[in-house]
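Enquirer: Have a look at this one.
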Amino acid sequence: MTAEAFNPADELKRTIAEGGISEDALRAITGIQPEKLRSFLDADPGMTGLTTERRALSIDESSRLSILAAHLTQGMQIDDDERLTAIFESLTLDCHLTLDNIAQLTGLDIDDLDSALRDPRTVPMHKKYELAIKGSYLVNAVNQARGR
């Protein structure tokens, strides 16, 4: 078994080349200036370690691009049922919302929420859709409130 290093710039270049995202979309999503993005994408992948050259991106910008690259490439391989469970785990564990809270905020059935957490395979597809849409909306609301 071999492990390949994850190179965010290479992954984003590949995703752009394949039509999955554009540089303009990257700029809009991240708020990073176009010339900084271009510098990041054009960087020599062999240039690592200590350097006296000024960085094109701040550590925060580089981190955000790395996380986005991982989400757009590796994250899409996560099973949809696992992703559905993760939505509600995030809301309950990270945000300390109870299933009652979520049901009250979204109008979702508490038994469906419980099933989505325990075994989403038991939830009918039409209910999974509603759970995913409303759960994602809450996650987005939380992220905006956190300034992310």
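Enquirer: Might you let me know whether the stretch 130-137 holds any residue that is touching a Cys at 6+ places or on another chain (Cβ under 6 Å) and more than 30 Å from A5 (Cα to Cα)?
Expert: The answer is no; no qualifying residue exists.
Enquirer: List the helices (runs of 4 or more DSSP H) inside the stretch 43-148, counting only whole elements, that have at least 2 residues being open to solvent by 60 Å² or more (accessible area, probe 1.4 Å), out of contact with any strand residue (DSSP E or B) (no Cβ under 8 Å at 6 or more places or on another chain) and at pLDDT 95 or above.
Expert: Per the criteria, 80-89, 99-106, 110-118, 125-145.
The values are calculated or read from the model by the stated rules, or taken from the named source; none is laboratory data. Predicted model only: the values in this text are computed from it and were never measured. No Cβ is skipped: glycine too gets one built from the backbone with ideal geometry, and neighbour counts run over all protein chains shown. Just so you know, the surface numbers come from the protein's heavy atoms only, side chains and all, with ligands and any DNA or RNA stripped out. Shrake-Rupley method; radii C 1.70, N 1.55, O 1.52, S 1.80 Å.
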